[in-house]
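S.K.: Take a look at the following structure, please.
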Amino acid sequence: MQKLVIEGGVPLEGEITLHGAKNSTLPILAGALLCDGRTVLENCPRLTDVFAACRILTHLGCRCRIAEHTVTLQMQNLRTDTIPEALMQEMRSSIIFLGAVLGRTGSCHVSYPGGCELGPRPIDMHLEALRQMGARFLIHDGQLDCSAPEGLHGAVIHLPFPSVGATENIMLAAVLAKGRTVLHNAAKEPEICDLAAFLRSCGADISGDGAGTMVISGVKQLRGCSYSIMPDRIAGITYLGAAAITGGTVCLRGTDASPMDNMLPVLEQMGCRIYPEPDRLHLLAPRRLRPVASIRTMPHPGFPTDAQAIFMAILSLADGVSVLEENIFACRYRHVDALVKMGAKIHVSGRTAVVTGVRSLSGACVTATDLRGGAAMVLAGLAASGTTEVRRICYIDRGYEAIEQVLRGVGGRIVRMETGGSGEL
Ligand code: UD1
């Protein structure tokens, strides 16, 4: 078990190179299962979730080589249509393989995903959509057995909520299905467009991604291609947030403003100055941050739930009262106790969190509760006086590549240690 030890109070300054998006790498890796021949994915982040997805691919019979940020996949026929429970449990988003395996082989056996750190994780929308496309399901002893005896076919599907995972599963199932799928109320996240762009590069016929109604006409075959993953907008906003909370100046390379244009205006409201360039963003933080009247998490293009904890940490040091409202996940305020332990003033009532800014935070020993909550604790630690220890950082490693090295590169005093170990800052 490892922890991060942070000596706070240093304004971050310098350049950060942003890694590729976890949330598009995972469905794109699943999409590679549908392609014959070789797929080369560039700009893949080196994250535990990505390695877990590669282990699932290898188990299914796909040759998978990881060299730095390039993953090369060589697909022949699938060796099996079953993903063992141990592999399914390694990564919460492993359900994304369902649509791809089903689309490729006409059957799939996986363990049923339980709840997770963000609350219950139902997959009813995934299953209902796949059912409309000709799939049948048997659920027993925590197992999900799926088959499409006649093969999958196109359908007109209306999602009751624009679920990211359900949209991806439907896309993966529809690209090789017989006929046309029309998906209404599809998720519009940039990572959905990245998956669609990858599948199009492989020969898929998809239109309307990012617009709410997607039309997918099944093709006979997809062929592997070379594709570069989009930048990780949530890691990007986390690093800009680290500059904001420490009163620093950071240049974020490897992205333009567009993937973050639903979050950057909030940093600007807080008094940060942002200078976008075609392949980088500069952020200059004010001496004191201003509060934000209301941040409501919503499906894209609304404010992303994945950035809620990050902004809560930053706003805990603003000059006044900010209100956040979490509308996507039931249990997404689990980081609040840690921030309060560090001196933040936060009151949660149902979906709403009222953050009353304080003059300073103080270092404490805290435990990451989930990926973004853990990152929020790191940001608070960078700004706090004294030493902060963040434990259970396996959550953070799921979404940030070598976070301590990135932050040290811009002057952060942060090291990774074995729990119980000691080291120099
Ligand atoms: C994805 C992202 C995650 C992000 C989330 C929302 C990945 C790997 N993860 O997760 O980082 O926080 O989108 O932007 O891309 N729901 C149902 N039934 C379903 C499916 C979802 O009720 O069948 C509910 C969920 O419980 C949740 C909400 O819909 O309350 C949103 O979930 P969804 O958009 O599916 O998120 P994920 O794809 O799991």
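S.K.: Only residues that are under 23 Å from the mean Cα position of the chain (by Cα) and part of a loop (DSSP other than H, G, I, E, B): list them for the range 107-157, please.
M.R.: Tyr112, Pro113, Gly114, Gly115, Glu117, Leu118, Pro120, Arg121, Pro122, Ile123
S.K.: Would you confirm, using the coordinates I've provided, whether Arg65 is of a type in the set (D, E, K, R), touching a residue at least 60 places away in the same chain (Cβ under 8 Å) and open to solvent by 10 Å² or more (accessible area, probe 1.4 Å)? Steps first, answer last, please.
M.R.: Details: of a type in the set (D, E, K, R): yes; touching a residue at least 60 places away in the same chain (Cβ under 8 Å): no; open to solvent by 10 Å² or more (accessible area, probe 1.4 Å): yes.
So Arg65 does not fit the description; no.
S.K.: I need a count of the residues in the range 330-351 that are open to solvent by 30 Å² or more (accessible area, probe 1.4 Å), touching a helix residue (DSSP H, G or I) at 6+ places or on another chain (Cβ under 8 Å) and farther than 12 Å from Ala309 by Cα.
M.R.: Adding up the residues that qualify gives 1.
S.K.: Within the set of pairs 6 or more residues apart or between chains, which connect a residue that is closer than 23 Å to Ile328 by Cα inside the range 165-190 to a residue that is open to solvent by less than 20 Å² (accessible area, probe 1.4 Å) and among the polar types (S, T, N, Q) with Cβ atoms less than 6 Å apart?
M.R.: So the pair list comes out as Ala186/Thr167; Ala187/Thr167.
S.K.: Consider only pairs whose beta carbons are under 9 Å apart and that are at least six residues apart or on different chains; among these, list those whose first residue lies in the range 25-46 and is in the same structural domain as Leu57 (by TED's automatic domain parsing) and among the charged types (D, E, K, R) and whose second residue is part of a strand (DSSP E or B) and within 16 Å of the ligand (Cβ to nearest atom).
M.R.: Glu42/Gly20
S.K.: Residue check, Ala313 against (1) buried (at least 20 other Cβ atoms within 10 Å of the Cβ); (2) part of a loop (DSSP other than H, G, I, E, B); (3) in contact (Cβ under 8 Å) with a residue 40 or more places away in the chain, all met but one. Which one?
M.R.: (2)
S.K.: Give Asp141, Asp124 a once-over and let me know the one that is within 30 Å of Leu371 (Cα to Cα), acidic (Asp, Glu) and more than 9 Å from the ligand (Cβ to nearest atom).
M.R.: That would be Asp141, the only listed residue that is within 30 Å of Leu371 (Cα to Cα), acidic (Asp, Glu) and more than 9 Å from the ligand (Cβ to nearest atom).
S.K.: Taking only the range 71-89 into account, find how many residues are surrounded by fewer than 16 Cβ atoms within 10 Å (Cβ to Cβ), under 23 Å from the mean Cα position of the chain (by Cα) and not small (Gly, Ala, Ser).
M.R.: Number satisfying all stated conditions: 2.
S.K.: While we're looking at this one, here's another question. Quick one: would you say Pro160 is within 16 Å of the ligand (Cβ to nearest atom) and at pLDDT below 90?
M.R.: Spelling it out, it is not the case that Pro160 is within 16 Å of the ligand (Cβ to nearest atom) and at pLDDT below 90.
S.K.: Which of the residues spanning the range 15-31 are open to solvent by less than 30 Å² (accessible area, probe 1.4 Å) and either more than 16 Å from the ligand (Cβ to nearest atom) or over 21 Å from Pro190 (Cβ atoms) (or both)?
M.R.: Passing the criteria: Ile16, Leu18.
S.K.: Still on this model: List, please: which pairs have Cβ atoms under 6 Å, are six or more places apart or on different chains, and start with a residue in the range 317-332 that is farther than 15 Å from Gly373 by Cα and in contact (Cβ under 8 Å) with a residue 60 or more places away in the chain and end with one that is open to solvent by 50 Å² or more (accessible area, probe 1.4 Å) and more than 10 Å from the ligand (Cβ to nearest atom)?
M.R.: Cβ pairs passing all conditions: none.
The values are calculated or read from the model by the stated rules, or taken from the named source; none is laboratory data. Just so you know, these numbers come straight off a predicted model, no measurement behind them. Glycine gets a Cβ as well: all are built from the backbone with ideal geometry, and neighbour counts include every protein chain shown. In case anyone asks, the SASA skips ligands and DNA or RNA and just uses the protein heavy atoms, side chains included. Shrake-Rupley method; radii C 1.70, N 1.55, O 1.52, S 1.80 Å.
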